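Written below as structure tokens is the structure these notes are about.
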Amino acid sequence: MNRRAFLQWAGLGLAVGLGLTGNVYAKATSAAPITEQDVLQAQDSWAKGIVEIGKVYQDGGDYKAVASQLIDQLYGYGEGKVLFKPTKAAHDQFRGTKAEAMSYFVGGENPEDHGFAIQPWSKVRFVNEDIDIDKDSANAMGNYYFTDAKTGGEVKVEYTFTYRRAKDKDGRLVIDLHHSSLPYVPATH
């Protein structure tokens, strides 16, 4: 028996010895490495989600429920720390909890939050400067562009997102770090 086969056998033997059921060895090693396609799909889901919140708000629906579901699906608040610095935050610059993120996206808890996602936006598109993947995490940086649903004007925002796989069974990507800011405008003299 070669070393690899032995380690697989020993891992399975340990699982059986502990009374665990199912293919424990496969389960323990099944977390697939993150791919660029995973990141692009997560960005697409985020963009569509922001647009959907605004549509539901305009239609008089339960936009807060949609926002809550989006945050649960795309951010890692339920599994640990999330570092979130939203675009339009000046006094309370960071949103470390789900409730604070909800306030930013739909208004409520924080007086400076007016509901970024209920603007509303008709389109969000990501233009990645680069995506850096390290097996179990990925960083993406670039610009994203928000199209105002009322005027058709486009707002350019700089972003950095860090992703990792969720700890639940579906292994989707979740955001652990979200930093957005408006581009620097030099002072004129």
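Derivation of every value follows stated rules applied to the coordinates shown; laboratory data play no part. All values reported here derive from a predicted model rather than from experimental measurement. Methodologically, a virtual Cβ is constructed for each residue, glycine included, from the backbone with ideal geometry; neighbour enumeration extends over all protein chains shown.
Observations on the structure shown:
- A crude spin-label estimate for the pair D72 and R172, with each label 7 Å from Cα along the Cβ direction, gives 1.0 nm.
- Here is the list for the stretch 85-145: GluC sites (Glu not before Pro) lying in DSSP coil, each with at most 15 other C-beta atoms within 10 angstrom of its C-beta, are E109, E112.
- Sorting M141, M102 from the fewest to the most surrounding beta carbons within 10 angstrom yields M141, M102.
- This ranking places R95, R172 by how few other beta-carbon atoms lie within 10 Å of each, fewest first, which gives R172, R95.
- Fewest-first ranking of F116, F161, using other Cβ atoms within 10 Å as the exposure measure: F116, F161
- Residue-span extension gain [V185 to A31] - 0.36 nm each, minus C-alpha spacing: 51.2 nm
- Per DSSP, loop trypsin sites (Lys or Arg not before Pro) in the stretch 47-90 with at most 16 further Cβ within 10 Å: K81, K88
- For the stretch 41-54, the Karplus equation 6.51 cos²θ - 1.76 cosθ + 1.60, evaluated at θ = phi - 60°, returns couplings of 5, 5, 5, 4, 4, 5, 4, 5, x, 4, 5, 4, 4, x Hz by residue, with Gly and Pro reported as x.
- For the pair Y145 and Q58, label points projected 7 Å from Cα toward Cβ lie 1.9 nm apart.
- With R₀ set to 22 Å, the beta-carbon distance separating V155 from A90 gives a calculated FRET efficiency near 0.85.
- In order along the stretch 168-176, the Karplus-derived 3J(HN,Hα) couplings, from 6.51 cos²θ - 1.76 cosθ + 1.60 at θ = phi - 60°, round to 7, 5, 7, x, 5, 7, 10, 8, 9 Hz, and Gly and Pro are given as x.
- R0 of 25 Å, Cβ-Cβ distance K135-A65: FRET efficiency to nearest 0.05: 0.10
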